[in-house]
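Written out below as structure tokens is the structure these notes cover.
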Amino acid sequence: MQQFDYHNPTRIVFGQDRLAELDQLIPADARVMVLYGGGSVKRNGTLDKVLNGLGQRQVIEFAGIEPNPRYETLMQAVEIVRDEGINFLLAVGGGSVMDGTKFVAAAAPYSGDTTDLLKCGFEPIPVSTALPLATVATLPATGSEMNMGAVISYEGGKYPVMSPLLFPRFSFLDPTLTFSLPPKQVANGVVDAFVHVLEQYVTTPAGARIQDRTAEGILRTLIEVGPQTLAQPEDYDARANLMWSATCALNGFIGVGVPHDWSTHMIGHELTALFGIDHAQTLAIVLPSLWQVRKEQKRAKLLQYAEQVWGIQSGDEEQRIDQAIAQTRAFFESLGVKTRLSDYGVEAEQIETVIDALKAHGMVALSESGDLTPDISREILRGAL
Ligand code: NZQ
Ligand code: ZN
């Protein structure tokens, strides 16, 4: 196991009907901005519950944060925060709203050019302060409710924004707030969380048994509760387990002391930016093909995954790995998430645009060992047609 520090300061407030407790968690004299997306939280009543929980506090609403939140939209919120002296941000929504809120928290007090904050990759952004933020999560998928990252869209690219100052102070996880999700978003959430685990687990062996057993537990839980949630949208227990799985998949715990390989995400981000394919759909396209191409590098962990997650024990190594890849693809498809570029209308001639974008964004040395070049990305995308 590699050396690590682990510190996650986000308080989780888990369970049904607890939004009245917002009153105890936000300073009474706070000037609060409530940020949300395209209106789902208005239609399903979540926003009203949040506003009730905030009581007499001064509140300004900021609506319209779109999926794959755009820098320009978020800068409108930054202007209002600065003009109105807002000192607490509350995100009510999915990953896009939570990520957008994190960006506003960092950008509002920043005196330099705010596009600087998009240029740091996975390194911490150069800020010494950020506004306090919290979340009411409505979509289990990204883990943004308990991590320090955001992904912001700007000029045809998707940029990570990371800082320990961006951990939410607290996050409400109320499974009943997810009952209104369309099946497509439920399926996307299962795939996103599943791939978050895989990119921290199917790498190279690090002798990290707690991380491995936990990763396997989350994957097995998702395999159980994903289909259950789609079949029974108001099954509280399934929703609760899905929600906590997605949070645990990317709150840092399974990622300490082990190698990471975020190649699927990085290639996937270009597919979203270029073709508008949903984040999770891009992962379902890239991951099975990436594994085919990278079998040798990932052999030991693929075999472990095959046995521990899917119970595959028969056949030679090659057969067990192929079966694990096939079952992963079949799992995504069974949820209704298509796994081929052609399913989304992307053709062979368009692959070169993706490669150009990867190069333009410096994504030329991906994977756990930094040896995944644009030529290998091309091979992966061809395999995904
Ligand atoms: O905008 P509204 O009207 O709220 O509708 C949203 C949106 O259309 C809807 N929705 C959310 N909760 C709902 C609901 N509809 C009905 N009932 C509810 N309870 O769902 C749609 C998608 O929302 P979005 O927030 O975009 O989805 P998701 O949570 O999958 O977030 C995706 C974004 O997160 C980033 C992605 O790149 C993408 O931009 N990621 C963030 C990460 C992080 N911060 O750690 C890691 C991830 O890998 C990912 O990259
Ligand atoms: Zn993701």
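For segment 360-374, which residues satisfy the criterion of being surrounded by 13 or more Cβ atoms within 10 Å (Cβ to Cβ) and either assigned to a helix (DSSP H, G or I) or touching a residue at least 60 places away in the same chain (Cβ under 8 Å) (or both)?
HIS361, MET363, LEU366, SER367, GLU368, LEU372, PRO374
Is it the case that segment 102-119 has a residue that's of a type in the set (Ser, Thr, Tyr), more than 16 Å from ligand 2 (Cβ to nearest atom) and within 15 Å of PHE167 (Cα to Cα)?
Scanning segment 102-119 turns up no residue that is of a type in the set (Ser, Thr, Tyr), more than 16 Å from ligand 2 (Cβ to nearest atom) and within 15 Å of PHE167 (Cα to Cα).
Can you tell which of SER128, SER153 is assigned to a strand (DSSP E or B) and among the hydroxyl-bearing types (Ser, Thr, Tyr)?
Sole residue among the options that is assigned to a strand (DSSP E or B) and among the hydroxyl-bearing types (Ser, Thr, Tyr): SER153.
With the requirement that a residue be within 11 Å of ligand 1 (Cβ to nearest atom) and among the hydrophobic types (A, V, I, L, M, F, W, C), what does segment 244-270 give you?
ALA246, ALA249, LEU250, TRP262, MET266
With the checklist (1) under 24 Å from the mean Cα position of the chain (by Cα); (2) under 13 Å from SER171 (Cα atoms) in hand, flag the one item PRO69 doesn't pass.
Condition not satisfied by PRO69: (2).
Quick one: ARG239 ticks every box in (1) surrounded by 19 or more Cβ atoms within 10 Å (Cβ to Cβ); (2) under 22 Å from LEU290 (Cβ atoms); (3) of a type outside the set (A, V, I, L, M) except a single one, so which number is it?
ARG239 satisfies every listed condition except (2).
So which pairs qualify, if the first residue must be in segment 271-293 and closer than 14 Å to SER153 by Cα, the second must be outside any helix (DSSP H, G or I) and away from ligand 1 (no atom under 11 Å from the Cβ), the Cβ gap must be under 6 Å, and the two must be at least 6 apart or on different chains?
Every condition considered, the pairs that remain are LEU271/ILE277; ALA273/GLY156; ALA273/GLY157; PHE275/VAL346.
Of all residues in segment 211-248, which are touching a residue at least 24 places away in the same chain (Cβ under 8 Å) and touching a Ser or Thr at 6+ places or on another chain (Cβ under 6 Å)?
Answer for segment 211-248, where residues must be touching a residue at least 24 places away in the same chain (Cβ under 8 Å) and touching a Ser or Thr at 6+ places or on another chain (Cβ under 6 Å): ILE218, THR221, LEU222, ARG239, LEU242, SER245.
Would a scan of segment 76-86 turn up a residue that is in the same structural domain as LEU19 (by TED's automatic domain parsing), at positive phi, of a type outside the set (A, V, I, L, M, F, W, C) and away from ligand 2 (no atom under 16 Å from the Cβ)?
Yes, segment 76-86 contains a residue that is in the same structural domain as LEU19 (by TED's automatic domain parsing), at positive phi, of a type outside the set (A, V, I, L, M, F, W, C) and away from ligand 2 (no atom under 16 Å from the Cβ).
In the set GLY93, GLY112, GLY149, GLY157, which member is in the same structural domain as ALA63 (by TED's automatic domain parsing), closer than 20 Å to ALA249 by Cβ and surrounded by fewer than 24 Cβ atoms within 10 Å (Cβ to Cβ)?
GLY149
Kindly provide the set of residues from segment 172-194 that are more than 8 Å from ligand 1 (Cβ to nearest atom) and in contact with a helix residue (DSSP H, G or I) (Cβ under 6 Å, 6 or more places away or on another chain), ordered by number.
Answer for segment 172-194, where residues must be more than 8 Å from ligand 1 (Cβ to nearest atom) and in contact with a helix residue (DSSP H, G or I) (Cβ under 6 Å, 6 or more places away or on another chain): LEU173, PRO175, PRO183, VAL186, VAL190, VAL191, ALA193, PHE194.
The values are calculated or read from the model by the stated rules, or taken from the named source; none is laboratory data. All figures in this text were calculated on a predicted structure; none of them were measured in a lab. Methodologically, a virtual Cβ is constructed for each residue, glycine included, from the backbone with ideal geometry; neighbour enumeration extends over all protein chains shown.
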